[in-house]
Amino acid sequence: MKRKFKFHAKNYRFMFFICTVFNFITKRMASLLRSRLESCSALLESRTALKNLVLSEPGYVDMLFEMAMDSAFTNNHQACWILELVIADQPQLLHPHIDPFCQCLSSIKHESAKRPMAKIAFLLVSSSEFTLKPPQEQLIMDCALEWLISETKIATQCYALDILSELSATYPELLEISRSIIDQRYASSKPSFQRRSEKFVRRHFRSV
C-alpha cells in the first residue's frame, strides 16, 4: 500500500525561508557585481581583481555572462572585459553559455565590448575544447564579416579576420570573400591590420 505524502505547513515555511534567503543573497551578489563593474577601470590590476571575485563564487559567473551579453546594461563593456579574463583563465565555463553567447554577438554595439567578445568568439572557433553547431558557426561568421567591413576598431577587425581564417576550413568560400575585403581595405588600413592581413594571405594564398 502506497503511503501518501503529507505536505505540512512547517515544510512550506522552511522552503519559503530558504527561497527568501537565496533571493536575498542573489540580489546582494548582483548589486555588488554591478557596483564593482561600475568602478572597474581598464587597468589590468583593476580588471584582474574583479576577475578573481567572479571566480571566487560560481554564482557570479552566470551573472557576469548575463551582464556581458546584455547590450542595454550600462556597464556592459566592463562586463565584457572581465568575461574575457574569466574565460582565458577557465575556458570550460563557456560551455553552458555557448548558444546565448553566439546569439548575442550581433547585438553588441559598444566598441570597447566588441574586442573582448571577438576574442572569446575566436577561442570558440579555434580551440579543440569546443564543438560548435552549424547555426552557431553561422552566427559567429556573420558577425565577423560585419566587424571586418564596418568602421569598428582595428583590434576587433583583426580578431574577425582570425575567426574567418579558422572557419574557412569548413566554409572555404570565406577565403575569397575575406581576400576581397582585404584588397579593398589594405591601403587605407593601419599597420596592425595590414600585418594581420598579410598573415592571412600567406597562410591561405602563399603570397602577398
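The values are calculated or read from the model by the stated rules, or taken from the named source; none is laboratory data. Values in this document were obtained by computation on a predicted structure and should not be read as measured data. Here Cβ is always computed from backbone atoms with ideal geometry, including for glycine, and neighbour counts include all displayed protein chains. Heavy atoms of the whole protein, side chains included, go into the accessibility calculation; ligands, DNA and RNA do not. Shrake-Rupley method; radii C 1.70, N 1.55, O 1.52, S 1.80 Å.
Some observations on this one:
- Rolling a 1.4 Å probe over the heavy atoms of the protein chains gives region 103-181 an accessible area of 44 Å² per residue.
- Net charge of neighbours whose Cβ lies under 12 Å from the Cβ of residue 32, counting Lys and Arg as +1 and Asp and Glu as -1: +2
- Cα long-axis angle, helix 76-89 against the chain (0 to 90 degrees, to the nearest 10): 90 degrees
- Remark: the Cα gyration tensor places the chain in the prolate category, a/c being 1.5 or greater and a/b exceeding b/c.
- Over the chain: helical MRE at 222 nm, DSSP H runs n ≥ 4 each giving -39500 (n - 2.57), nearest 500: -23500 deg cm²/dmol
- Shape call, region 36-105: gyration tensor on alpha carbons, a/c limit 1.5: oblate
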